[in-house]
Structures are given as C-alpha cells and as structure tokens.
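**Q** Can you read through this structure? Questions will come right after.
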Amino acid sequence: MCGIVGYVGRQPAVDILMEGLRRLEYRGYDSAGVATIAPDHTLDIRKSAGRIDRLAARLDEAPVSGTIGIGHTRWATHGPATDGNAHPHVGGHGVLAIAHNGVIDNFAAIKGRLIQEGYQFQSATDSEVIAHLIADCLAEELPAGLNGSTAREVAASGYAPLVRAMSAALAQLNGTYGLVVLFRDFPEVILAARLGSPLVVGVGDNEHFVASDPSPLVGHTDKIVYLADHELAVVTADDLKVVHRDQGHVDHNVQVLEFESGDVDRGGYAHYMLKEIFEQPETIRNTMRGRLSRDEATAVLGGLNLSPGDLRAVDRLLLTACGTSWHAALVGEYLCEEFARLPVEVEYASELRYRNPPLEKNTLLFAITQSGETADTLAALREVKRKGHPTLAICNVVGSTIAQEAAGGIYLHAGPEIGVASTKAFTSQCVALTLLALYLGRLRHLSFGQGMQIIDRLQELPDKVAQALESNDAIREIAEKYYQCGNFLYLGRQYNFPVALEGALKLKEISYIHAEGYPAAEMKHGPIALVDENTPSVFLMPQGLVYEKVMANLEEIRARGGPVIAVVDEGDTRAAALADDVIYVPNVADFLQPIVSVIPLQLLAYHIAVLRGCDVDRPRNLAKSVTVE
Ligand code: AGP
Ligand code: GLU
C-alpha cells in the first residue's frame, strides 16, 4: 500500500528520496520518512505523520547528508498515523533501518519473543519486527561485531552475512513485504526483497534506485529490473545482484522503461485527477492502438496467449475485480454477453477468493485491475489458477504482480494513473473489454459486417470523449448549485447501470458525500424513500432501448420533489424540459455509452470535491493500490 524508495550512488540521497516520495505519495499519505547514512556512519532518520510537506519542513530544520538512503510513505495497517509509527524503523539498537510495504501476519508472536530477548519496540506497527528480526539474525552471523577488516571481508563476499541474516529473518515472516534495508556499518549497500508487494530496481550510471513503482526512476534512468516474489537484491552504486530464495543467484533482466517525465507530473492541471480525466481521448486511443484489424473485422489481442481454438472452447467467463475495476467488469458482462453470447459472471475479488463456486471445465478468468497489485484480486486469480483454469488479466501497470502471474491478458497502455480516484483506467478497461468482446464475438457469432460496425464506432470514440469533455464549464456550474447536498442518487439502466455505480463511487471517494448508484427501475423498491428537495438524482439517459423507461423513472422522482440532473444526448429537448439541470453528451452506440456518460460524472465529482475543499488527489482514508486484504 505504501511507497518505498531507495538510492545509492554519488548524489545527495535525500533529494532523490524526497522527489521519489512525492511521486509515490498517491500510494499512501499517513506519514513519511527517510533514513540516510552520513559519511561518518551515522544513521540519520527523519519522519513525520501527515503529508510529505511536513517531512520536508522537518528536513529543512534538521538536514541529513549521505549518498545512500531509503524513504517511505505510509498507508497505515497496524497502528495510527503518528510520528512514531512512521517508517523507516530502526532495528537492533541502531544497526539498521528498514522501510516496509505490506502486512506481517505473525508479527505479534515474533514481537513477543524479541521483547523477551531484550529488543525494545518504539512503534505499534507490524513492520518494526522485521527490523529487529534482521538485526537479531545479523548478530548471529557477525557475533563479534565489526572491525575494519571484517567489514571489508563482508563486502568482498558480496555481503554474504547480510544476505544470510536477511534471508533467515524473511523465512520467519508470514505475510507480504516490499522491503528495503540500510545497514549502518555498510554505508554502500541496500538490501531489498519482495513477497507479494511490488519492488523495482532502476539501473543508472554508478547509481541504483529501488522503488515500489517506476515513477521515482523517471528522469534518472530508463533501465528497470522488476523483482519477483522471493527475490532479494543486493544493491550498491556500481553493482546489482539478485538472489532467489530457492534458486540462489539469478540473472536479472534489465528492461527499458517507457515512462516520460510528462507522465508523472500534473502538466499544468490543478490536480492529477483533472489531468487524467482530460487525457482520456488519448488514453482510449492508446488502448486501441494497433489492436483493430479492418481486414479481419476483429480485434488483435496477441497478449492473450491463447489460440483461437482455445478461446472457442471457452464456455463461460468469470470477471473479477474490486472498486472501479469491478464496475468495468459489469460493463464487460453486458459486452461479452451481447457480442460473444457467452455466459459471464462478475464477482468481487474479495468474495471470490473465499467462495468455492463450481467452475465448469471451460471457464476462463479475467482479473481486471489498474494497478495489478490489489491483494484481493491477486488472491482470487491465484485461487482460480490453482483449480486449473486459465487466468488472464486486464491491467494497466506493466510488470505488476498480477500482470506477471496471469498467463496473458490485455495491457491498457493508459499511462500512470496517480489520482487515487480512478478515471482514465476505467474508460480504458471498458475499451479493452469491448475489444475482447469483439474478438470473442468474431470467433463465434458476429458477422464481418457487424465486426466492422463495431470497429467504426470504436474509431470515432476518442473524438466523442473529447466532445463530452467540452461540458466541463457547464458541469462546474451545476456543481456550484449542488455541492452542499448531503446525499445523491445515481440512476441508469443496462449499459448505464455500472456507470451509475461508478458515478456514485467517484462522488463518495473524493467529496465524502453519501451517494448511491442504482438501476433506475430498482429505485422504486426502496431508495425512492430517500428522495426529497435536497437529494439530487443524476439520471443517465442517453437514447436507446430503455430511454422511455428511464424517462418514467425521472417523472417519479420529480413527482416527489427531488431535483434531477440528466445526462442526455445532444439535442434531447424532452429530457431537458423536465430536468432541473442537463448535461449533454454526444450520441454513441449503446455499448460505448459507459465510456462517454462516465465523463460528466467524473467531472461532477471533481468539481464538487474542489468546492468542498477536499484533497482531490489524496482523499482521506484511501490509497491508490490496496495491497492488503
Ligand atoms: C477507484 O476510484 C478506487 N480508488 C478503487 O475502488 C480501485 O478501483 C480499486 O481499489 C481497484 O484497484 P485496481 O484497479 O488497481 O485493482
Ligand atoms: N503494515 C505497515 C504499517 O502499518 C506498512 C503499511 C504500508 O504498507 O504502508 O506500518
């Protein structure tokens, strides 16, 4: 959940760590901290509850030096967001410092034992046990402590005693970790390890970087190594070695990172979320790029790693995800049923992982995830994989854990999504699912002509999304009218039902206003009791099969005095005459409506949150990727 950064090289470490932490802050922002080793071998730690700016102020008052260091930005799982619980944590009376991302399930038992052995704990976190445990194992490796020659011997052995100590400690942990460790007496090496939480190493000229995701590397190096579970990296300025728990030394694969600095800054927008909303015409184009074949009237999805024959044999799709990605999965259900005539089940990953649904032999699972790190989605994927079913992913972050563990899938290519509220990933997920449905459909019932029609509609989509964004100013005015309301309803049917859920989630997440999404017709079975003059209902009612039906629901709300905001197709004067406020979107085929009609809902949530003074990019209690259960 948190962000980890590490640096070893020739430059002042703290500058690189702070820049990296700012880029990782979206992952967690309960507290932040850094540790460096000064040239005189002092371990310097500064940490602070709250946002990175508070840590920066602390560093202004009490600077640190050194060309090696680690940093952390926390999303608390054990212990409140206090200075004392902030990472890095020190182990063994100051011999080392660690920063940890993840959860240690058996921390209480280990802590009890270490306290009996005389270790003193300073925090309520689970992570601090890792620090003392490694120190304890190190004391066994180097019982006589260090003198100059031993330190040189340790370095000459490739830091073998440190690796052994860390491996022995890790073997005792149950849970997940992305971990970086600094050793006071070895101010030239960082040890890093992962199990279940992401970690990458950036390879520079006479310098290395360690980070939870690639963003801190941008502008420094484009060479990246993705560590795998059970790997441990020994990182010095000039060298990188990777050791696997079972295989010993392994060759690491240096890949080229395709981020650019524009991908990780706000590019002139007030917030990342707004930038990401406005990027959508381009990100949608990127998801489709090279994947539409007019010759075959189908989608080209080479990454699925399944032959057309394998895919024809699939009898059932299971789509699993959390949050916004789960809403995209619901859109996928409509798409795959309509185009491929395949039975589809959509299940929350957190439920699927503990259910034991009877899965027919030819069931294919797709895990849908922006980050590729969501713990529940990963666990659901593993569970279905264990039962022998092919497991694929629709994922944005290249090299993420789910992308690695899935047998194949579709990358979104939407670029890094930094705003905690997902926007561009949702629309790209819907596009990827449309491509999938088209591809599966063309292997089954869809004709060449039908395939071509879908392709034509998809190719117009980026321009339609750009048109939908033109309502931004009008939406801001609507937000000004309603931002003090305490409850909202979002109503839509068919393809627009998941959009109603997504609109309500966006508003809840960033403005802290209670909102409910419902299938419009379901409203009269209960939620209509909520309607009064202070509860606006946002109706999604573009032209289509259920337009008249939704219109009837709109009348029902009006009859009870509820204000109505209607999202309608351009030129729809009928709805405009009835609604209190209207947002126009361009007309698109029904299967693409979610991608267009979600745009005004993203903007509405954004403007309401800004007007209420909320921290749009870092909403309270949330973090970007939920790497805990
Ligand atoms: C979206 O706005 C949320 N912050 C959240 O629901 C998110 O979609 C969910 O945690 C799933 O994340 P993933 O797509 O990275 O797996
Ligand atoms: N479990 C640790 C803590 O609560 C780490 C949380 C994180 O990954 O940020 O401090």
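**Q** Give the residues of region 195-207 that are open to solvent by 10 Å² or more (accessible area, probe 1.4 Å) and modelled with pLDDT of 95 or more, sorted by residue number.
**A** Across region 195-207, the qualifying residues are Val203, Gly204, Asp205, Asn206, Glu207.
**Q** Return the pair list, or none, for Cβ contacts closer than 6 Å from residues in region 49-62 that are closer than 16 Å to Ala35 by Cβ to residues that are of a type in the set (A, V, I, L, M, F, W, C) and at pLDDT 95 or above, at least 6 apart or on different chains.
**A** Ile52/Leu21; Ile52/Ala32; Leu55/Ala32
**Q** Any idea how many residues of region 62-85 are over 12 Å from Ser123 (Cβ atoms), away from ligand 1 (no atom under 16 Å from the Cβ) and in a loop (DSSP other than H, G, I, E, B)?
**A** Number of matching residues: 6.
**Q** Just to be sure before I move on: is Ile599 under 22 Å from Leu330 (Cα atoms) and not in a loop (DSSP other than H, G, I, E, B) in the structure I sent? It would help to see each step written out before you state the result.
**A** Working: under 22 Å from Leu330 (Cα atoms): yes; not in a loop (DSSP other than H, G, I, E, B): yes.
Yes; evaluated as a whole, the condition is true for this residue.
**Q** In addition: Just checking, which of Gly323, Gly332, Gly267, Gly303 is at positive phi and either touching a residue at least 40 places away in the same chain (Cβ under 8 Å) or surrounded by 24 or more Cβ atoms within 10 Å (Cβ to Cβ) (or both)?
**A** Gly323
**Q** Can you pull out the residues in region 244-270 that are in contact with a helix residue (DSSP H, G or I) (Cβ under 8 Å, 6 or more places away or on another chain), over 21 Å from Gly9 (Cα atoms) and aliphatic (A, V, I, L, M)?
**A** If the condition is that a residue be in contact with a helix residue (DSSP H, G or I) (Cβ under 8 Å, 6 or more places away or on another chain), over 21 Å from Gly9 (Cα atoms) and aliphatic (A, V, I, L, M), then Val264, Ala270 are the ones that fit.
**Q** Do we have any residue at all in region 216-228 that's over 26 Å from Asp126 (Cβ atoms) and crowded, with 24+ Cβ neighbours inside 10 Å?
**A** Pass one, region 216-228, residues over 26 Å from Asp126 (Cβ atoms): 217-225.
Adding the requirement that they be crowded, with 24+ Cβ neighbours inside 10 Å leaves 217.
There is at least one residue in region 216-228 that is over 26 Å from Asp126 (Cβ atoms) and crowded, with 24+ Cβ neighbours inside 10 Å.
**Q** Quick one: what pairs do we get from region 419-433, first residue farther than 18 Å from Val264 by Cα, second near ligand 1 (Cβ under 8 Å from one of its atoms) and in a helix (DSSP H, G or I), C-beta under 6 Å, 6+ apart or different chains?
**A** Sorted first by the residue in region 419-433, then by its partner, the pairs are Phe426/Thr324.
**Q** Return a yes/no flag: does region 138-155 have any residue that is of a type outside the set (Val, Ile, Thr), away from ligand 1 (no atom under 16 Å from the Cβ), crowded, with 18+ Cβ neighbours inside 10 Å and not in a loop (DSSP other than H, G, I, E, B).
**A** Looking through region 138-155, at least one residue is of a type outside the set (Val, Ile, Thr), away from ligand 1 (no atom under 16 Å from the Cβ), crowded, with 18+ Cβ neighbours inside 10 Å and not in a loop (DSSP other than H, G, I, E, B).
**Q** Which ones in region 358-377 are within 10 Å of Thr320 (Cα to Cα) and open to solvent by less than 10 Å² (accessible area, probe 1.4 Å)?
**A** Leu365, Phe366, Ala367, Ile368, Thr369, Thr377
**Q** Next up: If you go through region 228-240 one residue at a time, how many are part of a loop (DSSP other than H, G, I, E, B) and modelled with pLDDT of 95 or more? Show your work before the answer.
**A** First, the residues of region 228-240 that are part of a loop (DSSP other than H, G, I, E, B): 228-230, 236-239.
Narrowing the set further to residues that are modelled with pLDDT of 95 or more leaves 230, 236-239.
Going through region 228-240 one residue at a time, the tally reaches 5.
**Q** Is it the case that Thr363 is more than 15 Å from ligand 1 (Cβ to nearest atom) and touching a Phe, Trp or Tyr at 6+ places or on another chain (Cβ under 7 Å)? So that I can check it myself, show each step before the final result.
**A** On the way: more than 15 Å from ligand 1 (Cβ to nearest atom): yes; touching a Phe, Trp or Tyr at 6+ places or on another chain (Cβ under 7 Å): no.
Here the answer is no, as Thr363 does not meet what is asked.
**Q** Could I ask something else about it? Take region 311-343 and flag every residue that is assigned to a helix (DSSP H, G or I), away from ligand 1 (no atom under 16 Å from the Cβ) and either modelled with pLDDT under 95 or under 27 Å from the mean Cα position of the chain (by Cα) (or both).
**A** Within region 311-343, Glu333, Tyr334, Leu335, Cys336 meet the criteria.
**Q** Just give me the residues in region 12-57 being closer than 19 Å to Val181 by Cα and in a loop (DSSP other than H, G, I, E, B), in sequence order.
**A** Scanning region 12-57 gives Pro12, Ala38, Pro39, Asp40, His41, Thr42.
Condition check ((1) among the small types (Gly, Ala, Ser); (2) part of a loop (DSSP other than H, G, I, E, B); (3) under 23 Å from Ala375 (Cα atoms)) across all residues:
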| position | (1), (2), (3) |
| --- | --- |
| Leu162 | no, no, no |
| Met166 | no, no, no |
| Leu173 | no, yes, yes |
| Leu179 | no, no, yes |
| Phe186 | no, yes, no |
| Arg194 | no, no, yes |
| Val201 | no, no, yes |
| Asn206 | no, yes, no |
| Phe209 | no, no, no |
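**Q** Ok, one more. Here is a list: Thr298, Thr287. Which entry is open to solvent by less than 70 Å² (accessible area, probe 1.4 Å), within 26 Å of Gln450 (Cβ to Cβ) and within 19 Å of the chain's Cα centre (by Cα)?
**A** Thr287
**Q** When the residues of region 58-75 are filtered to those that are within 14 Å of ligand 2 (Cβ to nearest atom) and closer than 16 Å to Phe183 by Cα, which remaining residue is farthest from the chain's Cα centre (by Cα)?
**A** Filtering first and then ranking leaves Ile70.
**Q** Could you pull out the residue among Thr36, Thr67, Thr77 that is more than 15 Å from Tyr7 (Cβ to Cβ) and among the β-branched types (Val, Ile, Thr)?
**A** Details: Thr36 fails: more than 15 Å from Tyr7 (Cβ to Cβ); Thr67 fails: more than 15 Å from Tyr7 (Cβ to Cβ).
Every option except Thr77 fails the conditions.
**Q** Can you pull out the residues in region 362-399 that are more than 16 Å from ligand 2 (Cβ to nearest atom), under 24 Å from Gly178 (Cα atoms) and of a type in the set (S, T, N, Q)?
**A** Hits for region 362-399 are Thr369, Gln370, Thr377, Asn396.
**Q** Hey, another quick one. List the residue pairs whose Cβ atoms are under 6 Å apart, where the first residue sits in region 446-458 and is in contact (Cβ under 8 Å) with a residue 60 or more places away in the chain, the second is among the polar types (S, T, N, Q), and the two are 6 or more positions apart or on different chains.
**A** Listed pairs, sorted by first residue: Gly451/Thr298.
**Q** Right, another one. So which residues in region 115-137 are outside any helix (DSSP H, G or I) and either within 16 Å of ligand 2 (Cβ to nearest atom) or buried (at least 16 other Cβ atoms within 10 Å of the Cβ) (or both)?
**A** Tyr119, Phe121, Gln122, Ser123, Ala124, Thr125, Asp126, Ser127
**Q** Quick check on this structure: which one of Lys508, Lys464 is open to solvent by 60 Å² or more (accessible area, probe 1.4 Å) and at negative phi?
**A** Answer to the check: Lys508.
**Q** Please go through region 403-435 and give me each residue that is within 11 Å of ligand 1 (Cβ to nearest atom) and either open to solvent by 10 Å² or more (accessible area, probe 1.4 Å) or under 11 Å from the mean Cα position of the chain (by Cα) (or both), ordered by number.
**A** Glu417, Gly419, Val420, Ala421, Ser422, Ala425
**Q** On the given criteria, is Glu347 within 16 Å of ligand 2 (Cβ to nearest atom), of a type in the set (Asp, Glu) and within 20 Å of the chain's Cα centre (by Cα)?
**A** Against the criterion (within 16 Å of ligand 2 (Cβ to nearest atom), of a type in the set (Asp, Glu) and within 20 Å of the chain's Cα centre (by Cα)), Glu347 does not qualify.
**Q** Look at Glu509 and say whether it is more than 16 Å from ligand 1 (Cβ to nearest atom) and either under 21 Å from Thr427 (Cβ atoms) or free of Cβ contacts under 8 Å to residues at least 24 places away in the same chain (or both).
**A** It is false that Glu509 is more than 16 Å from ligand 1 (Cβ to nearest atom) and either under 21 Å from Thr427 (Cβ atoms) or free of Cβ contacts under 8 Å to residues at least 24 places away in the same chain (or both).
**Q** Among the residues that make up region 545-552, is at least one of them among the acidic types (Asp, Glu) and more than 32 Å from the chain's Cα centre (by Cα)?
**A** So far as region 545-552 goes, yes, one or more of its residues are among the acidic types (Asp, Glu) and more than 32 Å from the chain's Cα centre (by Cα).
**Q** Cβ-Cβ below 7 Å, separation at least six or inter-chain, first residue in region 95-110 and over 23 Å from Tyr26 (Cα atoms), second charged (D, E, K, R) and within 9 Å of ligand 2 (Cβ to nearest atom): which pairs?
**A** Close Cβ pairs satisfying both conditions: Phe107/Asp126.
**Q** Step by step: first the residues of region 583-615, then only those that are within 15 Å of ligand 1 (Cβ to nearest atom) and surrounded by fewer than 24 Cβ atoms within 10 Å (Cβ to Cβ), then the one that is modelled with the lowest pLDDT. Which residue is that?
**A** Asp615
The values are calculated or read from the model by the stated rules, or taken from the named source; none is laboratory data. Because the structure is predicted, anything quoted here is derived from the model rather than measured. When we count neighbours, we look across all protein chains shown, and the Cβ atoms used for this are built from the backbone with ideal geometry, even at glycine. Ligands, DNA and RNA are excluded from the accessible area calculation, which covers all protein heavy atoms including side chains. Shrake-Rupley method; radii C 1.70, N 1.55, O 1.52, S 1.80 Å.
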